[in-house]
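Participant: Okay, here's the structure, questions in a sec.
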Amino acid sequence: MITTRQIGIWVSVGAASLLVCALAAKALAPQLVAPQAVITPSAPKTTQAKDRIRFSNADLQQVPLADGTTRVIRSLLQVPNRMAFGDFAWDETGVPAGPIWMRVDLSRQILSVFRGEDEIGTSVILYGQDATPTPTGNFPIRGLETNHRSRNYDAMMPYTLWLTADGVAIHGSNVQQGLATHGCIGVPLAFAQKLFAVAKRGDVVSVVP
């Protein structure tokens with residue numbers, strides 16, 4: 001099931017109609033089936049945003065994080081009206097260099113990557129099944145690993161960004177409707193590769209319910 005994409009509760013009423021119409025569509029949480037670790041991914045549809053949704057200084061947006069704080073948003077990627085499972089968008093054009101941060105919205109099944117106040121990437125995700133839910137909170141990236149193999153599930157976890165001491169991570173996965181993880185956040189393999197290239201230890205990932 002697809003619905004209009006939202007990445008948070010926006011504080012500007014004046015921009016509400018723009019956001020409802022212009023933000024990308026995303027997948028809601030699918031019916032979760034037997035737990036799935038990383039398997040060979042199907043080819044995703046990659047989108048390069050042709051333009052950005054830009055906010056003036058008088059109308060900057062704020063997005064809530066897991067700890068109750070907010071971050072200012074100056075621009076969002078302009079992506080197609082619909083994003084299917086496995087699709088993602090990535091475009092750093094014109095965005096100043098600097099550290100990144102991420103926001104994962106579990107209820108809307110979307111991950112957004114920001115550099116400063118500008119979104120540079122977004123993807124539909126997989127998250128943990130009921131028995132092994134994905135934890136919420138703010139998590140500085142603890143480490144990065146290009147080709148990790150899970151000993152618990154005997155599965156590859158390419159382009160791993162470790163979030164917790166007990167093994168929850170963001171990693172490349174086969175993002176298809178009906179699949180779930182053991183608590184990790186699964187993203188399309190090509191998106192995971194791009195994210196791995198810009199992420200650093202200490203970059204914050206905020207996971208909201």
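The values are calculated or read from the model by the stated rules, or taken from the named source; none is laboratory data. Predicted, not measured: the structure shown is a model, and the values here were computed from it. Glycine gets a Cβ as well: all are built from the backbone with ideal geometry, and neighbour counts include every protein chain shown. SASA here: full protein model, heavy atoms, side chains in, ligands and nucleic acids out. Shrake-Rupley method; radii C 1.70, N 1.55, O 1.52, S 1.80 Å.
Participant: Tell me which trypsin sites (Lys or Arg not before Pro) from segment 51-125 have a DSSP coil assignment and no more than 16 other beta carbons within 10 Å of their own.
Facilitator: The qualifying sites are Arg82.
Participant: At what distance in nm do the modelled label points of Thr93 and Thr146 sit from each other, each positioned 7 Å from its Cα along Cα→Cβ?
Facilitator: The two pseudo-label positions are separated by 3.0 nm.
Participant: So, one more: Quick one: pull the percent of accessible area on segment 55-209 belonging to carbon and sulfur, 1.4 Å probe, ligands and nucleic acids left out.
Facilitator: Carbon with sulfur: 50 percent of the solvent-accessible area.
Participant: Rounded to the nearest whole Å², what accessible area per residue is found for segment 68-209 with the 1.4 Å probe?
Facilitator: 40 Å²
Participant: Also, quick follow-up: Normalised by the number of residues in segment 49-157, what is the relative contact order in percent for Cα pairs under 8 Å and 6+ residues apart?
Facilitator: RCO, segment 49-157: 21 percent.
Participant: Give me the one-decimal nm value for the distance between modelled label points at Ser107 and Ala197, 7 Å along each residue's Cα-to-Cβ direction.
Facilitator: Those two pseudo-labels are separated by 3.5 nm.
Participant: Let me ask another. Show me the ranking of peptides 56-67, 175-186 by mean Cβ neighbours inside 10 Å, starting with the highest.
Facilitator: Ranking, from highest mean packing down: 175-186, 56-67.
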